[in-house]
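Taking it in order: structure first as structure tokens, then the write-up.
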Amino acid sequence: MPTVRIGLQAHAQTYASEATIEAIRQATVAAQVQGRVLEARVDAGARVRRGDVLMRIDTREADQAVAAATANVAAAQARVVEARASLERTRSLKARNFISAAAVDQAQAAFDSAAAQHKSAEAARAQVDASRGFATVTSPIDGVVAQRLTEAGEMAQPGRPLMTIYEPGGLRAVVDVPQSRLAELGKAGLKAKVEFPESGLWLDAAAIVVLPSADPRTHTARVRVSLPADAAGVVPGMAARVHFVVGDAPRLAVPAGAILRRGEITGVYVADGKGGFSLRQLRVGSPLADGSVEVLAGLNGGELVALDPVRAGLLRQAR
């Protein structure tokens, strides 16, 4: 039966805080034209390249808007022609002293207003006409589709989000830490490990940035912990736990695989010195970065612990 002798060993002393994974570079693709979504070519999880077609939007409503804008331009042009003719007529009458200078000023103001309205109508038509070119929605970056927020058949409105895309090679854990910990975390050479409790994955932090401001309501500061580029299986939105290394301390620990959990009982099989094993209940602490678990009570240094608790339990029953 393989065993391990338990003893005090130097382990990193850490401060742990809950975190959320987010993408360093992320883009939310929004509609720039009104219309019904004709086709959604990709779904969440799909890998896309910059320029790939994501969606196609029906431009018939945009075409109607262009027609309406064109009509507005024509009406504004007619008002300009009428105001110009009135201005020229007023100037002619003023030259013969039939009207006052104030009448010329009024005609000039009317012409200027009509010209400004015509210019505004032309700009609006150009903007609406240009929006038809956005009926084909393309990806602005290389990445992975995180969410598809609009389905085929739904109406797209200018500014409405359609998809969210992120670059998988750039992820970070975002942590809010109390201001009482800033002195420890602000030291040069700070190290950290990111734990994913559900999967048991541990990753070394690639970089740590403590933002130079605190939230006045919660009195916490935000810390960004960059993950390595090869963080397979990690996606934005996942829960994580960041362990900031703030020192070293001797700890008693056992391999996680040696621990037996049965309901509310947590224990290990300890060698009894007679070729057998006895179950010893433990009080354990947090998992450590090397895969072991800290023992708070129940074991003494120098004792032998079975690495396979199931097999040790069967041996005990056989005796």
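The values are calculated or read from the model by the stated rules, or taken from the named source; none is laboratory data. Here the structure is a predicted model, which means the values were calculated and not measured. Positions of Cβ are backbone-derived with ideal geometry, glycine not excepted, and every protein chain shown enters the neighbour counts. Note: accessible area is taken over every heavy atom of the protein model, side chains too, but ligands, DNA and RNA are not part of it. Shrake-Rupley method; radii C 1.70, N 1.55, O 1.52, S 1.80 Å.
Here residue 182 meets each of (1) modelled with pLDDT under 85; (2) over 30 Å from residue 46 (Cβ atoms); (3) open to solvent by 60 Å² or more (accessible area, probe 1.4 Å) with one exception, condition (3). Of the residues in region 200-215, at least one is of a type outside the set (S, T, N, Q), in contact (Cβ under 8 Å) with a residue 60 or more places away in the chain and assigned to a strand (DSSP E or B).
The requirement of being under 30 Å from residue 23 (Cβ atoms), open to solvent by less than 60 Å² (accessible area, probe 1.4 Å), of a type outside the set (Ser, Thr, Tyr) and out of contact with any Cys (no Cβ under 8 Å at 6 or more places or on another chain) is not satisfied by residue 158.
If you go through region 16-37 and keep only what is open to solvent by less than 40 Å² (accessible area, probe 1.4 Å) and more than 23 Å from residue 52 (Cβ to Cβ), you end up with 17, 19, 21. Of the listed requirements (1) open to solvent by less than 60 Å² (accessible area, probe 1.4 Å); (2) at pLDDT below 85; (3) not charged (D, E, K, R), residue 189 misses just one: (1). Applying the criterion of being without any contact (Cβ under 8 Å) to a residue 24 or more places away in the chain and under 52 Å from the mean Cα position of the chain (by Cα) to the residues of region 79-119, the residue that is nearest to residue 34 (Cα to Cα) is 119.
Restricting attention to region 4-15, which residues are open to solvent by less than 30 Å² (accessible area, probe 1.4 Å) and out of contact with any Pro (no Cβ under 8 Å at 6 or more places or on another chain)?
At the first step, the residues of region 4-15 found to be open to solvent by less than 30 Å² (accessible area, probe 1.4 Å) are 6-7, 11.
Within region 4-15, 6, 7 meet the criteria.
Here residue 175 passes the criteria (1) within 30 Å of residue 212 (Cα to Cα); (2) among the aliphatic types (A, V, I, L, M); (3) open to solvent by 40 Å² or more (accessible area, probe 1.4 Å) except the one numbered (3).
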